[in-house]
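Quick notes on the structure that follows.
The values are calculated or read from the model by the stated rules, or taken from the named source; none is laboratory data. Remember, it's a predicted structure, so these values are computed and weren't measured experimentally. Glycine gets a Cβ as well: all are built from the backbone with ideal geometry, and neighbour counts include every protein chain shown. The protein model used for the area step is the full one, side chains on, heavy atoms only, and it has no ligands, DNA or RNA in it. Shrake-Rupley method; radii C 1.70, N 1.55, O 1.52, S 1.80 Å.
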Amino acid sequence: MTDIVDIDALKAKYAEERAKRLRPDGNDQYVQVAGRFAHYLVDPYTPVVERAPVRDHVTVAVVGGGFAGLLAGARLKEAGVPDVRMIDKAGDFGGTWYWNRYPGAQCDTASFVYMPLLEETGHMPTEKYAHAPEILEHCQRIGRQFGLYDNALFHTEVSELVWDDDARHWIVRTNRGDEFSAQFVATGTGPLHVPKLPGIPGLETFQGHSFHTSRWDYEYTGGDPAGAPLDKLGDKRVAIIGTGATAVQCIPHLAMACKELYVFQRTPSSVDVRDNRPTDPEWFAAIATPGWQQRWLENFTANQTGVGGDEDLVMDGWTDLSRRIRAKIMQLPPDQMTPEGMLAAFEDSDFEKMSEIRARIDTIVENPETAQSLKAWYRQLCKRPCFHDEYLQAYNEPGTHLVDTDGKGVARITESAVVVDRPDGPVEYEVDCIIYASGFEVGTEHARRAGFDPVGRNGVRMSEHWGTGMRSLHGTHVHGFPNMLLLQMTQGANLISNVPHNFVESSRTVAMIVKHALDQGYREVEVTAEAEQQWVDLLLTGPGTFLGSADCTPGYYNNEGQQSAYNRAFFVGYPQGAMAYFSYLDEWRNSGDFAGLHFR
Ligand code: NDP
């Protein structure tokens, strides 16, 4: 089938493909990586070093050493807070970039806006979309420059955070036996750091080798994160399960290396043009004038969220969709300049964009059946959009086989094979190794994902306070949890096209609040119940986000297609959009009175 031109037929096709994938077990289809699966979590990159438990007091404990934590740590240090303690379960800074060292890993948002603190560190990204080793090194650079290694605890997982109301500080306990107190706790624990496995029957019976993409086993595959060929796979039959953003990046490398590569696909990703290129130092020197990165950040976000002006500095797949939507809206006759008319224009440009993405596949993939199976039948932002210029080409390698499961997924795993059910019976694919590109826990309970469930004032747990949905002011302050500051994007800007931009702003807030409290001698700061309620009410007046859309094909963006009030509250952002949120936040911070917060 070539592409569908009739919009109603296209909508029907989207609905039909979605229906194939909806399953009653939602998030429960995935297996928690624990117990007999715990070996999938072992850190292959840094040996764990024994150390004595820590028993002391710090002014701020920052949980998480990825971009969010690093930004918070850096801004706190800049603000003059001397004792900041960074804590991470990894063996170094980097967060997701510590764990994800699979071949081909690189950022999907332009480095100039994705990599934080470029101006402060003076680092020039070497490519428009930097590769993982450079991003990991940049995290370490930030750690060194801002003195964040002093006092840091790596290979350390927070197990308990308990507010001590008498002492007016947090008690932090960890899996390394530490027990120390912190006046403030900032958490930047990220949404995508707990790997999950697909709950495929027989998973535990496989006798070959297997690993999750976030713990890439270079011992087994050969090669390295910098892109050296995976030279130990030349005689291996390898299965990769999953075709999300991770798989799209590593499959080209596997395709070049394996004797046979079987890609098990349940839902195809949309894969648009990447157009990566090295950075020209002269060009960079010309743009890197004072304040450049903030200008670029704002320009990208404004363009990507459809409120940009004429200039689009980044010019990529993320901003392309918004440019098209704007152009369509501008063409609307005056009587159709209504919210409905604009939504229809948005839908139209999405259909166009996705048609182009599907048509591109036919121009690259030689086998027409494979090409057809690689086509994504949903709106572009239903799943994480992907951008790549070697992924589709990988299917032209003679040893690479797309095993499309028509939305059903892998049926079973045996001691030596991955099994797919076909109308005329099961087909077994004998393999030596299974690579799980099955993603991360997103929609499960907070405690399962964070590893801890903070206990606030009066012994109330965060999971209880959020029992019917997340509640916060700005996604940062939670009533009943004094001196705790969350660095994350939900209930704030909710900007997914450039996640670090959310942290660039929230880390400024964190540093300003801590500094204000310390300067004024306040022991506690907490959002009032009224301010928290008003913020949640305000958020719910907005249109919600397309991300949580029930019409989308299931995935972690929409809680595997299962809508709930919790889900709605979880995924919302500021009603007027990211740019409006950032300017609101700036004003709120700079006014100096931090309306809604109570300092004691
Ligand atoms: P995803 O959750 O996006 O993908 C998991 C994959 O596993 C999906 O293709 C899913 O299919 C598939 N799957 C699950 N169960 C089965 C089954 N039983 N049989 C067959 N297939 C199955 O994980 P990723 O690690 O790819 O990406 C997670 C997120 O990490 C991305 O969305 C992105 O936000 C981020 N990321 C960012 C990158 C960057 O910025 N450079 C790079 C990589 C990741 P289905 O779609 O049907 O559920």
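Just the residues that are closer than 18 Å to Ala257 by Cα, away from the ligand (no atom under 16 Å from the Cβ), open to solvent by 40 Å² or more (accessible area, probe 1.4 Å) and of a type outside the set (Ser, Thr, Tyr), please, taken from segment 195-225.
The answer is His209, Glu219, Asp224.
Search segment 348-373 for residues that are closer than 16 Å to Arg274 by Cα and pair each with any residue that is in a helix (DSSP H, G or I) and not aromatic (Phe, Trp, Tyr) when their beta-carbon atoms are under 7 Å apart and the residues are at least 6 apart or on different chains.
Cβ pairs passing all conditions: Lys353/Leu321; Lys353/Arg324; Lys353/Gln380; Met354/Gln380; Ile361/Ala371; Ile361/Leu392; Ile364/Leu392; Ile364/Gln393.
Quick check: is even one residue across segment 384-392 of a type in the set (Asp, Glu), within 16 Å of the ligand (Cβ to nearest atom), farther than 26 Å from Glu204 by Cα and not in a strand (DSSP E or B)?
yes
Would you pick out the residues in segment 194-216 that are of a type in the set (A, V, I, L, M, F, W, C) and in contact with a strand residue (DSSP E or B) (Cβ under 8 Å, 6 or more places away or on another chain)?
Val194, Leu197, Ile200, Leu203, Phe206, Phe211
Please go through segment 410-422 and give me each residue that is part of a strand (DSSP E or B) and either within 33 Å of the chain's Cα centre (by Cα) or of a type in the set (Gly, Ala, Ser) (or both), ordered by number.
Arg412, Ile413, Ala417, Val418, Val419, Val420, Asp421
Within the group Gly469, Gly425, which residue is among the small types (Gly, Ala, Ser) and more than 21 Å from the chain's Cα centre (by Cα)?
The match here is Gly425.
Any idea which of Gly480, Gly475, Gly456, Gly399 is assigned by TED's automatic domain parsing to the domain that holds Arg508, within 28 Å of Tyr129 (Cβ to Cβ), at pLDDT 95 or above and not hydrophobic (A, V, I, L, M, F, W, C)?
Gly475
Considering only segment 14-100, give the strands (runs of 3 or more DSSP E) lying wholly within it that have at least 2 residues that are away from the ligand (no atom under 16 Å from the Cβ), in contact with a Phe, Trp or Tyr (Cβ under 9 Å, 6 or more places away or on another chain) and assigned by TED's automatic domain parsing to the domain that holds Phe180.
Strands (runs of 3 or more DSSP E) meeting the threshold: 57-63, 84-87.
Do we have Leu321 as on the phi < 0 side of the Ramachandran plot and at pLDDT 85 or above here?
It is false that Leu321 is on the phi < 0 side of the Ramachandran plot and at pLDDT 85 or above.
Name every residue in segment 237-274 that is more than 13 Å from the ligand (Cβ to nearest atom), in contact with an Asp or Glu (Cβ under 8 Å, 6 or more places away or on another chain) and within 14 Å of Val418 (Cβ to Cβ), in order of residue number.
Matches in segment 237-274: Arg237, Val238, Leu261.
Restricting attention to segment 286-313, and to residues there that are closer than 16 Å to Ser111 by Cβ and over 27 Å from the mean Cα position of the chain (by Cα), which single residue is surrounded by the fewest Cβ atoms within 10 Å (Cβ to Cβ)?
Checking each candidate, the answer is Ile287.
Could you go through segment 118-127 and let me know if any residue there is among the charged types (D, E, K, R) and within 25 Å of Trp216 (Cβ to Cβ).
Taking every residue of segment 118-127 in turn, at least one turns out to be among the charged types (D, E, K, R) and within 25 Å of Trp216 (Cβ to Cβ).
Which residue pairs have Cβ atoms under 6 Å apart, sit 6 or more places apart or on different chains, and have a first residue in segment 213-234 that is at positive phi and a second that is open to solvent by 30 Å² or more (accessible area, probe 1.4 Å) and away from the ligand (no atom under 16 Å from the Cβ)?
These pairs meet every condition: Gly222/Asp231; Gly222/Lys232; Gly223/Pro229.
Restricting the search to segment 189-207, which residues are closer than 11 Å to Val31 by Cα and within 19 Å of the chain's Cα centre (by Cα)?
Pro195, Lys196, Leu197, Pro198
Residue check, Glu50 against (1) surrounded by 13 or more Cβ atoms within 10 Å (Cβ to Cβ); (2) without any contact (Cβ under 8 Å) to a residue 40 or more places away in the chain, all met but one. Which one?
With respect to (1) surrounded by 13 or more Cβ atoms within 10 Å (Cβ to Cβ); (2) without any contact (Cβ under 8 Å) to a residue 40 or more places away in the chain, Glu50 is out only on (1).
Of the residues in segment 362-377, how many are open to solvent by less than 10 Å² (accessible area, probe 1.4 Å) and either outside any loop (DSSP other than H, G, I, E, B) or more than 20 Å from Gln249 (Cβ to Cβ) (or both)?
1
Could you count how many residues in segment 453-472 are open to solvent by 10 Å² or more (accessible area, probe 1.4 Å) and either outside any helix (DSSP H, G or I) or not hydroxyl-bearing (Ser, Thr, Tyr) (or both)?
13
Do we have any residue at all in segment 425-440 that's more than 16 Å from the ligand (Cβ to nearest atom) and modelled with pLDDT under 95?
No: segment 425-440 contains no residue that is more than 16 Å from the ligand (Cβ to nearest atom) and modelled with pLDDT under 95.
Residue check, Glu352 against (1) more than 22 Å from Arg266 (Cβ to Cβ); (2) modelled with pLDDT of 95 or more, all met but one. Which one?
(2)
Might you check whether a residue that is touching a residue at least 40 places away in the same chain (Cβ under 8 Å) and outside any helix (DSSP H, G or I) occurs anywhere in segment 315-330?
yes
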